[in-house]
1. Can Phe59 be described as at pLDDT below 95, over 18 Å from the mean Cα position of the chain (by Cα), surrounded by 24 or more Cβ atoms within 10 Å (Cβ to Cβ) and at negative phi?
2. Does any residue of region 258-270 turn out to be within 18 Å of Trp223 (Cβ to Cβ) and among the hydrophobic types (A, V, I, L, M, F, W, C)?
3. Does Arg72 fit the bill of being surrounded by fewer than 24 Cβ atoms within 10 Å (Cβ to Cβ) and either at pLDDT 95 or above or closer than 24 Å to Ile171 by Cβ (or both)?
4. Among (1) β-branched (Val, Ile, Thr); (2) surrounded by fewer than 22 Cβ atoms within 10 Å (Cβ to Cβ); (3) at pLDDT 95 or above, there is one condition Thr109 misses while meeting the rest; what is its number?
5. Sort out for me the helices (runs of 4 or more DSSP H) sitting completely within region 52-163 that have 2 or more residues that are among the acidic types (Asp, Glu) and not assigned by TED's automatic domain parsing to the domain that holds Phe338.
6. Counting only residues that are buried (at least 24 other Cβ atoms within 10 Å of the Cβ), of a type in the set (A, V, I, L, M, F, W, C) and within 18 Å of Ala214 (Cβ to Cβ), how many does region 286-304 have?
7. Every residue in region 83-100 that is farther than 13 Å from Ile111 by Cα and not polar (S, T, N, Q), please.
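The values are calculated or read from the model by the stated rules, or taken from the named source; none is laboratory data. Just so you know, these numbers come straight off a predicted model, no measurement behind them. Using ideal geometry, Cβ is built from the backbone for each residue, glycine included, and neighbour counts are taken over all protein chains shown.
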Amino acid sequence: MERHLMIRALAPVAALLLSVALLLAGNGLQNTLAPVRASLEGFSPLALGGLGAAYYIGFGLGCFFGPSLVRRAGHIRTFAAMVAIASAAALIHPLFVDPTVWQGMRFVTGICFAVLFMVIESWLNEKATNETRGVVFSVYIVVNLGMVSLGQLLVTLDDPKAFSLFALASILVSVAAVPLAMTKSEQPTPPANVRVRLLKLYKLSPVGVVGVLAVGLTNGPFWSLGPVFAEKAGGSAQAAAIFMAIGALAGAIGQWPLGRTSDKMDRRRVIIVACFGAVLGGVGAAIFGNTSETARLASIFIFGAFALPLYALSAAHMNDMVEQDGFVEAAGGLLLTFAIGAAIGPLLASAAMSAWGQSSLFLYTASIHVLLICFTVYRMTRRDTVAAEDRGEFADASVMAQTVATVESFAGDDDEEPVSQEKPSA
């Protein structure tokens, strides 16, 4: 029976999931390759941070412009166009080795991938039923994390200074258009814009909004500058690839134990525990990262297992505070908050690395996680825990945390109906 449900759930989206796998393998490769190659080319720490900031600025803007592109051209043509642009952007890197050019290409890549994720996830949402949505998005999350990890390991195939790795990233992204272009499945309806009111979301759940901001401030630098730290510490691009892949896989492993625990108690307590774990892993990476490969990899495993699930934990806490018809607006608000933090974080972290050395990357992340602990403890003194009957399922929030919501504006009119007026802020 379960096998029949799995087949029925995945058959309508099999081509789409194949496209996702190829796309994310190419993106995972490029996300590690670009900072490693930039470091080898002598880019300054601030220029390296600018690569990450440019990507996330583009990603945030892509969420604004994506819906109009899809409405104008349709899902398949929009997907093909974004794939073509992202593929070209990957090839421009080795042709013009210049910080400004690379930052521009990372900005373009961020826009493209925001729109690509929008197409993918709106398609998955429409093809899934209430009965199969959990299965579909669980497989999507596994494909997402697995292929990003595999893509990072592809850096080990050749010298990062060679043209071949950028060409491979371009090929993977380009070929991702083929399964979707050939599908006989009917296209979903175009996504609608969602008006997001960040101030009202903050009033509703301060910990949810601040938690996601902290995730952006920490995970943005991890993805952008972690490869640089690992390449310097390990002495090779291969060391950087293994370091990042272990961190990503640890995040996948840690998500469900933390999530299921948060379903049974005050999620803010689990957020605090996750922050303590992230601090432990970050401090370990900073202290032992340059002295022992075993300690470095163990530290990043601990960091990934606790830091990467924080987005879904914060999203789950936000979900507890909103009514069901407010989930889309909440998802959009959290995405924008994350993008803001992820754009700022690499700049702050790169400034710290420039001033105090490579190890300060993880001392910076530990500092942000400590601040989040302090804020969460403070909020726990101001509001009681959410009643068990009002608490949602973490699985729903893990889907929300993967979803690129479409956004119309940062704030709505004051006289608009709030997201929820029935549950206290926390």
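1. Numbers: at pLDDT below 95: yes; over 18 Å from the mean Cα position of the chain (by Cα): no; surrounded by 24 or more Cβ atoms within 10 Å (Cβ to Cβ): yes; at negative phi: yes.
No; evaluated as a whole, the condition is false for this residue.
2. Scanning region 258-270, I find no residue that is within 18 Å of Trp223 (Cβ to Cβ) and among the hydrophobic types (A, V, I, L, M, F, W, C), so the answer is no.
3. Working: surrounded by fewer than 24 Cβ atoms within 10 Å (Cβ to Cβ): yes; either at pLDDT 95 or above or closer than 24 Å to Ile171 by Cβ (or both): no.
No: the conditions fail for Arg72.
4. (2)
5. Values: elements: 75-95, 99-127, 133-153.
The helices (runs of 4 or more DSSP H) meeting that bar are 99-127.
6. 1
7. Ala88, Ala90, Leu91, Ile92, His93, Pro94, Leu95, Phe96, Val97, Asp98, Pro99
Let's see how each residue does on (1) outside any helix (DSSP H, G or I); (2) of a type outside the set (Ser, Thr, Tyr); (3) buried (at least 21 other Cβ atoms within 10 Å of the Cβ); (4) in contact with an Asp or Glu (Cβ under 7 Å, 6 or more places away or on another chain):
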residue: Leu217; (1), (2), (3), (4): no, yes, yes, no
residue: Leu225; (1), (2), (3), (4): no, yes, yes, no
residue: Phe229; (1), (2), (3), (4): no, yes, yes, no
residue: Ala240; (1), (2), (3), (4): no, yes, yes, yes
residue: Leu258; (1), (2), (3), (4): no, yes, yes, no
residue: Arg268; (1), (2), (3), (4): no, yes, yes, no
residue: Val273; (1), (2), (3), (4): no, yes, no, no
